[in-house]
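Notes follow once the structure below has been shown.
Read the figures in this text as sums done on the coordinates, not as results from a lab. Worth saying up front: this structure is predicted, and the values here are computed from it rather than measured. Reconstructed Cβ throughout: ideal geometry from the backbone, glycine too, with neighbour counts over all protein chains shown.
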Amino acid sequence: MWGRIHALIIKELLAILRDPRGRLVIIVPPILQLFVFSYAATLEVTNVDIAVLNRDSGKWGQELIQRIEGAPSFRRIQRTDEQKKVHELIDRQEVIAAVQIGPDFSRALEAGRAGEVQVILDGRRSNASQIVAGYLNQIIARLAADLATPRQLSAAVTIVPRNWFNPNLTYIWFTVPSLVAIIALLIGLIVTALSVARERELGTFDQLMVSPLRTHEILIGKLTPPMLIGLFHITIYVLTAVFFFEIPLRGSLVLLYGSALFYLASVVGIGLFISSLSMTQQQAILGAFVFMVPAVLLSGFATPIENMPDWLQPVTYVNPLRYFLVVVKGVFLKDIPLSEVLHNTIPLALIALFTLSAAAWLFRSRLE
Amino acid sequence: MKSDGSHRVFSFSRLREKGKCRKKITDGGRMSASLRRLSALVRKETYQILRDPSSILIAFVLPLILLFLFGYGVSLDATRTRLGVAVEEMTPLTQDLAASFQASRYFEVKMGRDRRDFEEALVVGEVRGIVVIPQTFTSDFTTHSHPQIQVIVDGTDPNTASFVQNYVQGVVATWMRQRASETQAEPPGINVEQRFWFNPELTSRNFLVPGSIAIVMTLIGTLLTALVVAREWERGTMEAMMATPVTAAELLAGKILPYFILAITSMTLCVLVAVFLFGVPFRGSLLALYAISAAFLLPALGQGLLISAATRNQFLASQLALLSAFLPAFLLSGFLFEIGSMPTIIQWISAIVPARYLIPSLQTVFLAGDIWPLLLRNIAIMLLAGVVFLGLAARSTRKRLA
Amino acid sequence: MSEDFVRIEGVSKAFGSGAPALDQISAAIKGGEITGLVGPDGAGKTTLIRLMTGLLLPDAGTLTVLGFDTRREAARIQAAIGYMPQRFGLYEDLSVQENLDLYADLRGLPQVERAQVFDELLSFTDLKRFTQRLAGKLSGGMKQKLGLACALLKKPRLLLLDEPGVGVDPISRRELWKMVKDLTSEGIGVVWSTAYLDEAEACTSVLLLNQGKLLFTGPPAELTRRVDGRVFKVTGIEGRRRPLLASLLDRPGVLDGVIQGEAIRIVTEPGARQDVLREGEGTKVNPAPPRFEDAFVDLLGGGPGGRSKLAEATQTQADADTHVIEARGLTKRFGDFTAAQDITFDIKRGEIFGLLGPNGAGKSTTFKMLCGLLKPTAGEGRVAGFDLRRDTAEARNRLGYMAQKFSLYGDLSVAQNLDFFAGVYGLKGQHRRDKIKLVTDIFDFARYANQSAKDLPLGHKQRLALACAVMHEPEALFLDEPTSGVDPITRREFWTHINGLVEKGVTILVTTHFMDEAEYCDRISLIFRGKSIALGSPDELKARVASADNPDPTMEDAFIALVEGSEKEAA
C-alpha cells in the first residue's frame, strides 16, 4: 500500500513542479506577496498633506502650526485663510485633514483658559483619518502640557502604556506571521482545487480509478504534495520572518509545525472538496475564490472576531484560518502554552476529517 | 439514421441564384454585417454566462456575501473589546473610575483585584488589554502627586492594541473632566473639536462597502474575463471563430461588452443592496457612479484580455489574475491601507492598479457627492490605463494562431 | 472544374527549434472533388489546413486559396471558406439551434434565407429533433454533423475538414461522407484530413504526408498500383493464426502482414515468390485486391517483424480454459434512461474480444462497468474471478488499462511515467527496476527518458502507454481505441505485441470505431441501443450480412448492416 501511495505522491509533486511555469507560480508569487504585502499592509500614516486655517494672531497659533509642520508624518502643510478653500481641499482629497485655530486661541491660553482648535477630517478614508487625528491630538496635547502649571500637571492622571509581546507595536510583527497563514491558504486551496478538476478534464482521472489504488490511498496521495508545498512555504516564511524581518520567535517550533500539519490538512481537505464538486477547472478556481474571500474576512485578521455579531461568530468556527492565526501569532510572539495550541488545533483536525471524508464520498459517488 | 441507403441531397441551387443578385455590398451593408456579428457574439456569451453556475456565483453570490459580511458582520469599529480591569485597592474613587470603564460602550469589562488575574487571559487572547489601577492611585490622586494608571495591551495585534490605548485614554479623560466639573476646577489645556466629514460616526461599512464593490468589479472584469477567454483557447472554439469573417476587433468587443454589462449589473445590485438594505448614504449622482464604473471597467477588462491572450491556460490565467488584479485591489488600492505610507517602490507599483483610482471615486460618490475635479481626474487616469491595456490586448489578439 | 482552388508552392513551417512541421510542400487542390489530406498524427495535416485558412502563415513559400494570397488577403479567404476544426469548434453550452444562429450571424447569412437554409441543413444532417439540445450533450457523430452544418451555413467554395472521422462510428462516418460527396457535385472543393487510410482510398485524389514531407500526390489508385500482384490472403489456417502471422512476417520476402478475421493478409516484397507463404495442407494462398494502406506501408519500407520481445519476456499464464472476464446481466440506468441492458458474455483466457457499436449506444458504458469505472445498476462483472464491486483492489491489480488518448501524464517524463505506473501497481525493489529496464530496452525509451510524455511523437506515446499498462503483467488488458490516429507501422508493431501477449494467455477487451482493430478480434459483441445485437467472430458477422449484391462484405459493411437491421426490427 505504501508503495502505491508513494508513487502517487511523487507523481503529484512532479505534475506541479516539473513544468517550469508551474515551479515559477509556486515559488515566486508567494515570496513576492510576502514582501510586497508585508510592507504595504501598514497602519502607520506618513506623507499626508494637512491644511491649516489660522484665525489666531497670537504666538500660540504660530507655535502650534510650527509643531505640526515639524511632525514627521506630514508631508506638506497648506496654509489658507478661507473656509471655502478648506472645503475644497478636503473634498478633492488634496489634504486628509484641516486644523482650524480659533481667533481667541492665544488670548485664552495666556489667560489660563482652554484654547479652541477644530480638526476636520476626511471620513471617506476613515481608517487613515482616525490615525491622523491621533497624531494631531498628541501634538496638541503636548503643547497643552507645556503650557500647564506644575500644579495642574501633578493633578492629571497619566496613563502608562505597556505593550506586551510587541513593545513598539511594530505592525510588521503582526502582518508577517498572519501572512504565513493566509498565503498558505491561498496557494494550498488553488493547487488542490485544481488537482482533481484538471485530471478530470484531461481524462487521466479514469486511469487512477482503474488502478488498484483505493479511495483513501488516492486521497492521501492527493493531499500530501500540497501539504509538503505548504510546509515548504511556511518554512521559508518562518526563516524570512526571523532573519529578514527580525521578528522574535518566542515559542516552540515543534508546536508550530505540529499545528501547521493539521491546518494544511484542513485547507487541502476544503480544496479537494471543492475540486470533487466541480466539473471544470473554471468552476474549481472560482469556487476556491468564493471560499477564500470570506475566509480571510472572517478570520480575525482584519477585525477581531468578538466584534462580529453573535449570529456571525459561529460561522467562523468552520474557518481553519481563524484557528491557525491564533497559533502562528501566539507561537511567534507570545509563547502560548501547549493547552492553547491544542485548543486551536483540535478544531482543525475535525475540519480536516470532515472535508476529507466528504471529498472521498464525492469521489466514490461520481462512479455511480 | 437511414436504413434504405438513399439519403437526402442537399442543394444550394436556390440560394446560389439569390447570391448572384446581391453582388454589390455597400458600406452601410458592411457596417450592419459587422453589427450583426457582434450581436451574435454578445448573445452567445450571454447564454454561456447564464448557463455556467460558476459565473453566476462570482458575479452575484460572492458580491452579496461580501456585502452582507461588511454590512452586518465585519466592521472595523471595535465595540465589544474585552478588557480586564484590575483594581488593586477598593475605594470609592477607584470604583468610580472602574465603573466608567464598565459604562463605556467600547469595552466588555471583567473586574479583578490583581493584574495577575488577567495575565494568562491576555496570553491566550481572552482579553485584549488590562487596565491596572494601582494601590497608590487614590492617595496620589487626592494629593495631586502624579496619579498613574497602567494599560497593558496585547501587542500581537497592534491595531486593536492602539485602539485599546486610545479608548482607555478617552475614558480616563472623560472621567477627569467629570471630576473637574464636580469640583469646579478649571480644566487645563486645549479643547480639540474633532469632526469627521462625510462619515461623522466613522461607520466602517460606509467605506468598506464602496471598496468591496471595487473588488467585485475587479473579479468580474479581470479574473472572469481572463478565464473565459483562456477556456476558448483550450477548447478550440477560438480557432473556429477566427476562421470565420469575424474581425479581431469584433472578437474583442464581443468579450468586452457582455462582461462590461455583467459587471455593471452586479455593481448596480451591490449599490441597491448597500443603500436600501444597509443604509449606506449615497450623496452623488447616478451619472457619476456609472461614469466612474465604466471608466474603471476598461482597464480591468483590458487586463483580463491581456492575461488570457498571454497565457491561453486557465490555471496560469487564474494565478496571474490573483496576483496582478485581485490582491492589489485589496491591498495596494488604498482600500485598507494608506498608499502614501508604503515604501516608494510599492507606491510606484500601486500607480498602475486601476482599483486605486476607483475606490476613492466610489467613496466620494457615496459619501461626499459629485466632486467633479476629483472624479474627472480619476476617470481620466483610468481611461488612459484602459487605452493602454486594451491596446496591448488588441495587439496580442490578432487573427493568428501562433 | 479543373481550376486549382488551392495552390501550395514550396511551403515550409516550423514551430520552435524542432524538425519542421511542414517541409517544402508543393501541391494543388481542385474544386468539385474530395482531396484527402492523409497521414499519421504529426504528419503536418492540421498545420497545412490552418495555413490554408490564413490562421497561420508559412515560413517560406506561398499559399494561394481561391485566388487569394493567405498572407495578404486572409479576410477574403475566411469569407469564402467553411472550416471545421478538430473537436468541431462547437460551443458545448449552447444548443444546436444557438450554435447555428451564432455561425449564421458570423458568416453573414441573410435573415430571409435562414429559415430555408436551417431547414435544409437540419434535415440533411438529421438533427431536426435535437435543435433544443445542448451541443455538449450530443453524441460524437451528431456533434460532427452539427460542426459540418455550421461550416456549410453560407455556401463555401472550399470546405476544410480537419479529421472529421475521429471518435465517430462507421455509420456516422459513412453518412458524412455521402453528404460531402453531394457537395462536390456542385463544384465545392473539399479537403478532408484523415489518419484512416480506408477513408483516403475513397478520395478523388490525396496528399500523402509523413513527418512534414509530401510523399505522394495524385489519385489513390495510382499509389495502390505499386503493390499490384504482391498482396495475398492466406485462408484455411489450421491451428492458431497469430503464431503463423508472426512466423510469416519473419520470412524473407514478406513485407507486411495483418490479421483479417480468420485470414491473414500479406504483402510481399517485389520479386518475392508466392511459395514463401506456403504452410500446411489446408492453407490456401490467394491473390487479393491491393489497398491504399498496403501501398503506404510499402512506401514506408514495410512493416515490423513478427517477434514481440515484450511477449517473450512475459510469463505464460496457465489454465487456458477459464473465463478471465465475465459480464453477467450488466445493466446501467441513468435516471429513466437505460444505457446498457442485460449484457452477458464470457471472455476466455487468451482471447481478444471486441466491443463495437455506434456512438452513444452503450459500448463505453459496458466497457466502463467492466473495468470498474462505473457501478452497474444490476448484474455483475468479474475480472480473473474477482467481483469488481466487492474485491475492487484485487480485480484491479489483475487488469491493465490503456485509453490511447488519455493514459499518460503529459507533464511527467517518460521515466517518471514508468516509475509511477510501476509503483501504483505495487511493483517493488529489484523486480520493479528489472521491469522498468526491460520495457525501456524493448521500446527503446532510453533516448526519450527525460522528455515530457506530452511532447513525444504519437507513436512513442502509444508505446509508452502500452508499456505502462502491462508492466505488472495483468491477466486482462482493457484497450480503448488503442491505435486511432497512429501510423500504420506503429499500429502493426502494437498488434504484434498484443498478439504475442495473447499467445501467452493474456486476455484482451478492446473497444473501437476502427474496423482494422476489429479484424484482430476473436469475437465481437455489437452493442446498439444498450443491448448486444450480435455476438460472434468477425467472419461470422460478415457472413451474416453477405448477400448477392455484396458477397464479400467488409467489417464496416457488416457493422452498418447489422445496426440498420436491428433498427428496422425495432421500428
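Figures for the structure shown
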{"item": "Packing-based order for B:262-275, A:214-227, B:148-161, using average beta carbon neighbours within 10 Å, highest first", "result": "B:148-161, A:214-227, B:262-275"}
{"item": "Links that overshoot a 22 Å alpha carbon limit, given the list C:Lys137/C:Lys368; C:Lys128/C:Lys178; B:Lys44/C:Lys137; A:Lys222/C:Lys363; C:Lys137/C:Lys454", "result": "A:Lys222/C:Lys363; C:Lys137/C:Lys454"}
{"item": "For chain A, calculated [θ]222 nm from helices alone, where every DSSP H run of n ≥ 4 adds -39500 (n - 2.57)", "result": "-21500 deg cm²/dmol"}
{"item": "Simple Cβ-charge dipole of the protein assembly as shown, Lys/Arg +1 and Asp/Glu -1, about Cα centre, in debye nearest 20", "result": "1820"}
{"item": "Dipole of the range C:230-324, positive direction: furthest Cα of C:Ala318, C:Gly257, C:Gln274, with charges on the beta-carbon", "result": "C:Gln274"}
{"item": "Anisotropy class of the protein assembly as shown from Cα gyration tensor, a/c 1.5 cut", "result": "prolate"}
{"item": "Cβ neighbours within 10 Å from other chains - mean over B:324-331", "result": "3"}
{"item": "For the range B:177-328, size of Cβ-based charge dipole, Lys and Arg +1, Asp and Glu -1, in debye", "result": "80"}
{"item": "Karplus-derived HN-Hα couplings along the range A:188-198 (A = 6.51, B = -1.76, C = 1.60, θ = phi - 60°), whole Hz, x at Gly and Pro", "result": "x, 5, 5, 4, 6, 4, 7, 4, 7, 4, 5"}
{"item": "Length-normalised contact order for chain C - Cα pairs under 8 Å, 6+ apart - percent", "result": "14"}
{"item": "222 nm mean residue ellipticity, helices alone, for chain B (DSSP H n ≥ 4; -39,500 (n - 2.57); rounded to 500)", "result": "-18500 deg cm²/dmol"}
{"item": "Cα gyration tensor shape of the range C:439-481, rounded if a/c is under 1.5, else prolate or oblate by comparing a/b with b/c", "result": "oblate"}
{"item": "Within 10 Å of each Cβ in A:169-180, the average number of Cβ atoms from other chains", "result": "3"}
{"item": "Chain C: angle of helix C:429-443 to the longest principal axis, Cα-based, in degrees nearest 10", "result": "50"}
{"item": "Exercise: per-residue mean of other protein chain Cβ atoms within 10 Å, C:83-92", "result": "5"}
{"item": "Farthest positive-ward along the protein assembly as shown dipole, Cα basis, beta-carbon charges - from A:Phe262, C:Phe528, A:Leu186", "result": "C:Phe528"}
{"item": "Cα gyration tensor shape for the range C:513-571, rounded if a/c is under 1.5, else prolate or oblate", "result": "oblate"}
{"item": "Using a Förster distance of 51 Å, the FRET efficiency for B:Ile56-A:Arg250 (Cβ separation, nearest 0.05)", "result": "0.60"}
{"item": "3J(HN,Hα) from dihedral phi, the range B:145-156, Karplus parametrisation 6.51/-1.76/1.60, rounded to Hz, x for glycine, proline", "result": "10, 6, x, 10, 10, 9, 10, 10, 10, 7, x, 5"}
{"item": "Under 26 Å from the Cα of B:Lys110 - lysines, other chains or at least 8 residues apart", "result": "A:Lys329, A:Lys334"}
{"item": "Qualifying GluC sites (Glu not before Pro) for the range C:263-331 [loop in DSSP, other Cβ within 10 Å: at most 10]", "result": "C:Glu281"}
{"item": "Cα centre as origin, Lys/Arg/Asp/Glu Cβ charges: chain B dipole, Debye", "result": "3920"}
{"item": "Restricting the range C:272-374 to trypsin sites (Lys or Arg not before Pro) in coil, as DSSP defines it, with at most 15 other Cβ within 10 Å", "result": "C:Arg273, C:Arg278, C:Arg307"}
{"item": "Of the DSSP H helices in chain B, those whose Cα atoms cover at least 30 Å axially and whose Kyte score averages 0.5 or more", "result": "B:248-272, B:286-311, B:372-396"}
{"item": "When chain C is reduced to its Cα atoms, the Kirkwood hydrodynamic radius in Å", "result": "25.2"}
{"item": "Degrees between helix A:20-40 axis and first principal axis of chain A (Cα, 0 to 90, nearest 10)", "result": "20"}
